[in-house]
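Following: one structure in structure tokens, then a few remarks.
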Amino acid sequence: MLHPDVVDVWLISLDAVAPGGHDDRVDELSPYEQHRLWRLGQRNPRARHRYLATHLAVREIVAGYLGCHPGELTHVRNAPHGKPGYNLGWCPGPAVSLSRSDGLALLGVRPPGATVGVDVERIRAGIDWPRVLGRRAVGTVPGFRAWTRLEASVKASGLGLAAGAGRDLSPWPAATLALPHPFRDYAAAVATEQRQKPVDIRFRHHSGALGRPSEERALAQVGSW
């Protein structure tokens, strides 16, 4: 059950199943998702596999909250504030925010109508962070943490990165997440609306395989500043 003072942050392992292992479930996706999948398959089979694993897992997670089959969900691309989501018939699904990097996807979930934004990036060398962030002497890890906080706030706002750049994002404060093992080589952040009461973060883990997701409890707070 979702609580307004809690953000469920799902960690989805994307390479737990071999490529092709989910192909019998493609028809659970919406026409838009299937078209995206087909286009990825023309260029990058690995990206196709991870996209399929991500969106099947998201449907499975959302269906778990709504008590339905994943294939019964309608993928909504223009939900409130421009955010994508899933509905069950006329019943709105939970508020969700999705981010994916390399072999990990992150899904933030809150009650319908709530605000949430998440972002995740695998930490790697070679990014010119002073140019990207407009700051001096930004190291690799601090750079990725700052970037994911910015992205999470923009996603929570629903403005989009182009519209959100340079705007005051303080109404959607973000905090860095300390991801559990084995995901510590990723930077991640979550954002909500500005609140007087902190929001608890509950980490949950989806193996990426079929079956019942397992759960891990959490370790952080966000939204109190």
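If each residue of separation counts as 0.36 nm, what is the full-extension length gain between residue 195 and residue 168 once their alpha-carbon separation is subtracted?
Working: separation 27, 0.36 × 27 = 9.72 nm, distance 1.62 nm.
Difference between extended and current length: 8.1 nm.
Applying 1/(1 + (r/R0)^6) with R0 = 35 Å to the Cβ-Cβ distance of residue 207 and residue 131, what FRET efficiency is obtained, to the nearest 0.05? All intermediate terms of the calculation are to be shown ahead of the outcome.
Values: r = 38 Å, r/R0 = 1.09.
Efficiency for this residue pair is about 0.35.
Give the calculated FRET efficiency between residue 141 and residue 34 to the nearest 0.05, with a Förster radius of 41 Å applied to their Cβ-Cβ distance.
Details: r = 37 Å, r/R0 = 0.91.
The calculated FRET efficiency here is 0.65.
Could you tell me how many cubic angstrom of Cα convex hull volume region 49-173 has per residue? The partial results should precede the final answer.
On the way: hull volume 14.2 nm³, N = 125.
That works out to 113 Å³ per residue.
Only bridges whose two residues both fall in the chain count here: according to DSSP, what percent of them are antiparallel, nearest 5? Let's see the in-between values first.
Working: 33 of 40 bridges.
If we restrict to bridges inside the chain, about 80 percent are antiparallel.
Averaged per residue, what accessible surface does region 95-171 expose to a 1.4 Å probe, in Å²?
On the way: 3580 Å² over 77 residues.
Accessible surface, normalised per residue, equals 46 Å².
Run through all the Cα pairs of the chain and give the fraction in each 5 Å bin from 0, expressed as whole percent.
Result returned by the calculation: 1, 7, 14, 19, 20, 18, 13, 6, 2, 0, 0.
Among 140, 156, 117, whose Cα sits farthest toward the positive end of the charge dipole of region 117-160 (+1 at Cβ of Lys/Arg, -1 at Cβ of Asp/Glu, about the Cα centre)?
Of the options given, the answer is 140.
I'd like the FRET efficiency for residue 23 and residue 76, computed as 1/(1 + (r/R0)^6) with the beta carbon distance as r and R0 of 35 Å, rounded to 0.05. Mind dumping the intermediate values first?
Numbers: r = 25 Å, r/R0 = 0.71.
After rounding, the FRET efficiency stands at 0.90.
Quick one: accessible area per residue over region 12-61, 1.4 Å probe, rounded to a whole number of Å²? Numbers along the way, then the final one.
Numbers: 2470 Å² over 50 residues.
Value for region 12-61: 49 Å² per residue.
Near the amide H of residue 86, under 5 Å away, which other amide H atoms are found, from residues 5 or more places off or on another chain, if H is placed in the peptide plane?
It is 76, 93, by chain and number.
Given Cβ point charges of +1 (Lys, Arg) and -1 (Asp, Glu) and nothing else, what value in debye, to the nearest 20, does the dipole of the chain about its Cα centre take? List each step's numbers first, then the result.
Details: 28 positive and 21 negative charges, 137 e Å.
Here the size comes out at about 660 debye.
Carbon and sulfur together cover what percent of the accessible area of region 88-164 at a 1.4 Å probe radius? All intermediate terms of the calculation are to be shown ahead of the outcome.
Numbers: 1920 of 3550 Å².
Looking at region 88-164 in its full context, I get 54 percent from C and S.
The values are calculated or read from the model by the stated rules, or taken from the named source; none is laboratory data. Predicted model, so just to flag it, every value in this text is computed and none were measured. Counting neighbours? That spans all protein chains shown, and the Cβs are built from the backbone with ideal geometry, glycine included. Keep in mind that these areas ignore ligands, DNA and RNA; they rest on the heavy atoms of the full protein, side chains included. Shrake-Rupley method; radii C 1.70, N 1.55, O 1.52, S 1.80 Å.
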